[in-house]
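A short write-up of the structure that comes next.
The values are calculated or read from the model by the stated rules, or taken from the named source; none is laboratory data. Model, not experiment: these values are computed from the prediction. Glycine also receives a Cβ, built like all others from the backbone with ideal geometry; neighbour counts cover every protein chain displayed.
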Amino acid sequence: MEEARPDAGARPVAVAPVEVALKGLCPRCGAPTLFAGWIRFADSCKACGLDFSAFNVGDGPAALLILVLGGAIVAAAIVLELSLSPPFWVHVLIWVPLSAAAVVAALRVSKAGLLALEYRNKAREARSEDAR
């Protein structure tokens, strides 16, 4: 899981999972190399060689965000509708961009946080020989 390059002279540093999540840092060395795009992980850390593709973040963060952010946005839309009764286009103008921005920002943070926790706790997939 932690394959380092032979030329990597970076000493492992304890990076807090919250800091990894908020700043997009490598959980091993603390370099800002975790993401290759807005929400896409890089293949590996350019500073220490940690293989990010070995971590399985999966769909957990997305499912959680759908429930939490979806509920909050629907509740806010209902409050707006009951208090001001704006036309439908106002709802579209407010909630569609707000939903998209909130999901992208929160997905980036939640995926990075989950990867950091997997690294810190040395999480890996279970194998049949682990049950013995």
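Looking across the range 29-44, the residues that are part of a loop (DSSP other than H, G, I, E, B) and among the small types (Gly, Ala, Ser) come down to Gly30, Ala31, Ala36, Gly37, Ala42.
Restricting the search to the range 44-60, which residues are surrounded by 12 or more Cβ atoms within 10 Å (Cβ to Cβ) and on the phi > 0 side of the Ramachandran plot?
Of everything in the range 44-60, just one residue is surrounded by 12 or more Cβ atoms within 10 Å (Cβ to Cβ) and on the phi > 0 side of the Ramachandran plot, namely Gly49.
Scanning the range 36-49 for residues that are under 10 Å from the mean Cα position of the chain (by Cα) and modelled with pLDDT of 90 or more yields Arg40, Phe41. Any residue in the range 115-122 that is of a type in the set (Lys, Arg), exposed (fewer than 14 other Cβ atoms within 10 Å of the Cβ), closer than 22 Å to Val18 by Cβ and modelled with pLDDT under 95? Checked against the condition, which is being of a type in the set (Lys, Arg), exposed (fewer than 14 other Cβ atoms within 10 Å of the Cβ), closer than 22 Å to Val18 by Cβ and modelled with pLDDT under 95, the range 115-122 yields at least one hit. Would you confirm, using the coordinates I've provided, whether Ala47 is part of a loop (DSSP other than H, G, I, E, B) and farther than 18 Å from Leu117 by Cβ? Answer is yes for this residue. Filtering Ser99, Ser83, Ser53 for residues that are touching a strand residue (DSSP E or B) at 6+ places or on another chain (Cβ under 8 Å) and either in a helix (DSSP H, G or I) or in contact (Cβ under 8 Å) with a residue 60 or more places away in the chain (or both) leaves a single hit, Ser53. Looking across the range 17-43, the residues that are surrounded by fewer than 20 Cβ atoms within 10 Å (Cβ to Cβ) and in contact (Cβ under 8 Å) with a residue 24 or more places away in the chain come down to Pro17, Val18, Leu22, Gly24, Phe35, Trp38, Ile39, Phe41. Filtering Ala101, Ala72, Ala63 for residues that are modelled with pLDDT under 90, among the aliphatic types (A, V, I, L, M) and either surrounded by fewer than 17 Cβ atoms within 10 Å (Cβ to Cβ) or within 22 Å of Arg124 (Cβ to Cβ) (or both) leaves a single hit, Ala63. Of the residues making up the range 56-72, those that are in a loop (DSSP other than H, G, I, E, B) and without any contact (Cβ under 8 Å) to a residue 24 or more places away in the chain are Gly58, Asp59. Of everything listed in (1) part of a helix (DSSP H, G or I); (2) touching a helix residue (DSSP H, G or I) at 6+ places or on another chain (Cβ under 9 Å), the single unmet condition for Ile78 is (2). Residue count for the range 79-95, restricted to those that are among the β-branched types (Val, Ile, Thr) and over 29 Å from Lys111 (Cβ atoms): 2. In the set (1) assigned to a helix (DSSP H, G or I); (2) in contact with a helix residue (DSSP H, G or I) (Cβ under 7 Å, 6 or more places away or on another chain), the condition left unmet by Val92 is number (2).
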